[in-house]
Amino acid sequence: MFGIYAPGHEVSRLSYFALYALQHRGQESAGIAAADRGGHIITRRELGLVSQVFTENDLHTLAGELAIGHVRYSTTGSNAWENSQPVQRSAGRNGTSRELALAHNGNLINAVELHDELSERGVTFSSTSDSEIVAALIATHPAERIEDAIADVLPRLRGAFSIVVMTKDRVVAFRDPHGLRPLALGVLKPTEPGGEVRHCVASESCALDIIGATHLRDVQPGEVVTLSEEGVQSRVVTPDARKAFCVFEYIYFARPDSRMHGQVLQVARGRMGEILWREAPVEADLVIAVPDSGNAAARGLARASGIPQDDGFVKNRYVARTFIQPGQELRKHGLRLKFNPLPEVIAGKRLVVVDDSIVRGNTTRQIVQMLRDAGASEVHMRISAPPIKHPCHYGIDMSTREEMIAHGRTTDEVAEELGCDSLHYLSLEGVYEAVGATRATHCDACFTGQYPLDRTGEAGGKYALEGGAVGREADEPGSSSAQSGESQALPLVRA
Ligand code: SF4
């Protein structure tokens, strides 16, 4: 997710390259909305990668002075054009009309409730995403100023959200009171000496680096930041909520060159590898990473252990990340395309194999088998995250509890399932030590089951807003909500 207010700059081109840098956060659709001050908002959004969606001609058509952009992924069933973003809405109010575009990273847990309320007021929707609900709440709000509308709507939204809203003359960014999803504020240098300093926001600081912007600071939880002709203005709407930044962003989701809470993730992930070795040393000949997700932690582990490190796999870099492709079948096929083991490096060796996380275990099981087939004499898996046992309701799609290999199994039982000689997961204390943070200000619910927001279990299921059949009973058959009384992992993940 990206937003920029920068007259004098090529805002659609800068948005395009920022989205390119954020492609890892979503690969199903991409979109950019742009406007001239006072003109109309133009949106281009389509299913596909950033490089597939936009042409040179699109970027010319999207010419303007301010823009927002979005990349998205979801689980199967929600990957539809209608749910691509930015969402564009307009609404008549007080005899005038408010037109806006909105992009959202996160997931609301009270989407059904808000949808019901708006429907009763006669508001209609063209998508099944909770993001359009937020757009409708803001578009129809009677406040004259968009910031006042947002300040009133923000406390009514429950769940995870970092959001950018664009009107014809400003970009307004805001973050949920718990700060679950990241949002960085950046500054662009003037295009000419004495020119105006302009600003932008992005889900990760790597997107700021790519376009030559400087990371000023993170948008604070509960803060509303306006980028406009007046520069940057800020107000904190809900300052007192329990902070709950997603600890999985440090471990897996964000790019290693991003900075979050003062940490460069590449460095933090290296420390995770060092601590992994401290927690579970083993006699071995070679350290290898599962590329690219295990690279930084493998380097840290090799450094701490003194065991040589090499590439055990060659990765095809043109195959999308398997974790975020929809559907089990695609994941299986995707893996064979993605990794090719190097028998000349591996054969006869006792390997320490480092990866960042295990969800279903299908990928890891195949990796272990590929290494054995290539002649490894021992395979010791080291994972730079604790066992994932609980679904995320805050914007990371992790499948149902029953599909998670660590659910209901001891570490030894998981090792047996995977076919490896030993397995160690980094402790939760080890994660926090590596990132220099504490549990008090973070969410680690997928590891602990301790959700930081009240009533998280009431979140709607995968199809809660699908086909007009709004209702919690619309969960997938066999989902965790049906079986455990707690709702399903969330479907709508976007950046
Ligand atoms: S449940 Fe896990 S993935 Fe979801 S926000 Fe919390 S730490 Fe992040």
Inset, instruction - Can you tell me the order of 64-73, 404-413 when each peptide is scored by its average per-residue count of other Cβ atoms within 10 angstrom, highest first? - result: 64-73, 404-413
Legend entry - Pairs of lysines in the chain (C-alpha under 30 Å apart; 8 or more residues apart or interchain): 14
Legend entry - For TRP81, TRP277, order by how many other beta-carbon atoms lie within 10 Å, fewest first: TRP81, TRP277
Inset, instruction - Please say if the stretch 264-439 is rounded, prolate or oblate, where rounded means a/c under 1.5 for a ≥ b ≥ c the square roots of the C-alpha gyration tensor eigenvalues, and otherwise the choice is prolate for a/b larger than b/c and oblate otherwise? - result: rounded
Legend entry - Helix 265-279 axis, angle to the chain major axis (alpha carbon atoms, nearest 10°): 30 degrees
Legend entry - Spin-label pair GLU113/GLU429, simplified geometry with 7 Å Cα→Cβ offset, distance in nm: 3.7 nm
Legend entry - Residues HIS141, HIS9, sorted so that the one with the fewest Cβ neighbours within 10 Å comes first: HIS141, HIS9
Legend entry - Cα long-axis angle, helix 295-305 against the chain (0 to 90 degrees, to the nearest 10): 40 degrees
Inset, instruction - Give the shape of the stretch 2-244 as rounded, prolate or oblate, defined through the alpha-carbon gyration tensor: a ≥ b ≥ c are the square roots of its eigenvalues, a/c under 1.5 means rounded, and otherwise the shape is prolate if a/b is larger than b/c and oblate if not. - result: rounded
Legend entry - Gyration tensor verdict on the chain (Cα atoms; rounded if a/c is under 1.5, prolate if a/b is larger than b/c, oblate otherwise): prolate
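Take the Cβ-Cβ distance between ALA347 and ARG317 as r, set R0 to 35 Å, and report the resulting FRET efficiency rounded to the nearest 0.05.
0.90
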Inset, instruction - Could you state the angle between the C-alpha long axis of helix 111-120 and the longest principal axis of the C-alpha atoms of the chain, as a value from 0 to 90 degrees rounded to the nearest 10? - result: 20 degrees
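FYI, it's all coordinate maths here, none of it is from the lab. Every value quoted in this text rests on a predicted model; they were computed, and no experiment measured them. Neighbour counts are summed over all protein chains in view; Cβ atoms, including those assigned to glycine, are modelled from backbone coordinates with ideal geometry.
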